[in-house]
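Asker: Sharing a structure here in structure tokens format.
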Amino acid sequence: MPELPEVEVTRLGFASAIAGARIVAVRMGKPLRWPLGCEPVSLSGQQVHTVRRRGKYLLLDVDQGILLLHLGMSGSLAFTADPGEPGKHDHFDLHTSAGVLRLHDPRRFGAAVWVPGEDSPQARKLLGHLGVEPLDAGFDLSAFCTAMRQRIAPVKQVLLAGEVVVGVGNIYASEALFQAGIRPTTRAARLSRPRLARLHHAVRDVLTRAVAKGGSTLRDFSNTQGESGYFQLEAMVYGRAGQPCKVCDTPIRSIRQGQRATFFCPQCQKA
DNA sequence: AAAAGCCCCTGGATGC
DNA sequence: TGCATCCAGGGGCTTT
């Protein structure tokens, strides 16, 4: 479910509330994607300082190291004073003096991993290859063009890979390419600078608007208060196969790229 | 170095 | 309230 906007909405929902709280206990459910990487009890007593985001990872700075959280495909976090008994898909609880942060993740592609520091091998394995943050000032057009020109793969898959720019998942890749008027199958290296400039702007614009709408809730995404996002209502192409393009009425097409669905308008995105 | 496939896992929708 | 099949917002790993 969660792409950059959903992860950022999640972060905003509990970052200030948990800052300064002390970890009281950790409860683990069924195994997630990776082991925690430390004894759960060793986290107890540590203070949570800040909650940052890198791509689709959340980074909780604690006294000793960093707790990385990832929502995978089906994860969501809730932060509440009294969460009640954990359900069958609640696989990680961080009990703190300010409330309980609970990871709900039916498919268990998500993760909670402790790493000793940002430069540790454990952290580098997960974060080291990530591209630039699209909402940061460091998302520079020239650097974006240089990186895209190195890639012969279809532009949609280059966006998804997260090595040039992070945070763009399956929904927002299709949406950004529609906004930029670029066919998802076009090889990244073949895009002219003006078209890359349109894409650069579209990525930032789509993600920013999605954060403002609380993200997209296609199935089960909810923020830390359990509320849905609304950006899916504004989707121009994602999930709209066969329906008329909102701009030109041409039926939206669906194709598969790297075992993921891609949506585009054959009229508005000619090349 | 980069690209393409595979796989992790559960549940909902659809078809028979 | 039976299957079997396909699909789903991610991404690391292995193989080309």
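Asker: Taking 7 Å along the Cα-to-C-beta vector as the label spot, tell me the A:GLN64-A:ALA25 distance in nanometres, rounded to one decimal.
Answerer: Rounded to a tenth, the inter-label distance reads 2.0 nm.
Asker: Spin-label point model (7 Å from Cα, Cβ direction): what's the A:GLN150 to A:ARG33 distance in nm?
Answerer: 2.3 nm
Asker: Normalise the Debye intensity by I(0) for the stretch A:64-195, one equal point scatterer per Cα, no solvent, then take log10 at q = 0.12, 0.21 Å⁻¹ and round to two decimals.
Answerer: Summing over Cα pairs of the stretch A:64-195 leads to -0.64, -1.19.
Asker: Estimate the FRET efficiency between A:GLN267 and A:SER120 by the formula 1/(1 + (r/R0)^6), using the beta-carbon distance for r and 51 Å for R0, to the nearest 0.05.
Answerer: 0.55
Asker: Taking the 0 to 90 degree range and rounding to the nearest ten, how far is the long axis of helix A:170-180 tilted relative to the main principal axis of chain A, both from C-alpha atoms?
Answerer: 40 degrees
Asker: While we're on this one: Report Rg(Cα)/(2.2 N^0.38 Å) for the stretch A:140-271, keeping two decimals.
Answerer: In units of the 2.2 N^0.38 Å rule of thumb, it is 1.03.
Asker: Tilt of helix A:4-18 relative to the longest C-alpha principal axis of chain A, in degrees (0 to 90, nearest 10)?
Answerer: Compared with the principal axis, the helix lies near 30 degrees.
Asker: Which translational diffusion coefficient, to the nearest whole µm²/s, is obtained for chain A from the Stokes-Einstein equation, given a Kirkwood hydrodynamic radius over C-alpha pairs, 10 °C and 1.306 mPa s?
Answerer: After rounding, the answer is 82 µm²/s.
Asker: With everything on Cα atoms, drop me the angle between helix A:193-212 and the longest principal axis of chain A, reported from 0 to 90° to the nearest 10.
Answerer: 40 degrees
Computed from the coordinates by the stated procedures, all read-outs in this text should not be read as laboratory data. If you're wondering where the values come from, they're calculated on a predicted model, not measured in any experiment. When we count neighbours, we look across all protein chains shown, and the Cβ atoms used for this are built from the backbone with ideal geometry, even at glycine.
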